[in-house]
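Chemist: Here it is, the structure in full.
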Amino acid sequence: MVRSVGIHRDVAVDEDNTAAAPEAFRSAIDELMARCAAGDHGAVWELHTVAEPALSRIVRSEARRLDLRLHAEDVLDITLDAAIEIGKLAPSWKPDGALPWVWARLRINGLVHDHVGTFADELDETHLELVEPPVPDRIDDPLVALRLLARRHPSARFLDERLSAVSERDASIYLSVKVEKAAGNRSPAVTVGVDHGLRPDAVRKVFQRVTERLGEVA
């Protein structure tokens, strides 16, 4: 069983400021990175849970610089890739340096570029006969969205395989909370609870249970 590092997300932490990070938070990050460097795949997903707010800010900041707007699913996908990339780079990271996501910011920005593809000037549509593509159906269930992403993204496929260890209901609630967090919702449990007919505390328990389960199956 993989041991989880105790980092409380309700504590005010500046995840982008190395100097402002509390000692306990830095110590926990150091331990996670050491586990990543040792090949502990479960530590990568724990790192994503801890660093997701900071990773999301970096991803959205780079997207804004490129004058692009990413959907919440895109941001989640890129942050997952970023956590995996940071895990791969863990052997080179120094505990006395910047926080991992600050240290690897250029790599994370590169993932944003890779995700959105090559940029080019817009074509002159006056000389083209363009057919308006059909509007895809909206996907309300994030588990369905994850499985669609899994067809083309290895990181999404890996997460989908890990979530097979829990029920589809719990997986959907877990992913819904992650999506709401990525979208900047400060009370994701309330929103997800309304969608699933659950109290916010029940949603938090499901999220915690799935997070712990993901650590066990790593």
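No lab work stands behind these numbers, since they all come straight from the coordinates. Keep in mind that this is a model prediction, so the values were computed, not measured. Ideal geometry is used to build each Cβ from the backbone, glycine not excepted, and the neighbour counts take in all protein chains shown.
Chemist: Between Ser164 and Asp96, what is the FRET efficiency for a Förster distance of 45 Å, r being their Cβ-Cβ separation, to the nearest 0.05?
Modeler: Given R0 = 45 Å and the Cβ-Cβ separation, E is 0.70.
Chemist: Same structure again: Any lysines with Cα under 21 Å of the Lys178 Cα? List them, leaving off those in the same chain fewer than 8 positions away.
Modeler: Lys205
Chemist: Over the range 140-218, what per residue volume does the convex hull of the Cα atoms give, in whole Å³?
Modeler: 85 Å³
Chemist: Now for a different question. In Å, the Kirkwood hydrodynamic radius of the range 43-94 over pairs of distinct alpha carbons? Could you put the intermediate results ahead of the total?
Modeler: On the way: mean 1/r = 0.0875 Å⁻¹.
Averaging 1/r across every pair of different Cα atoms and inverting gives 11.4 Å.
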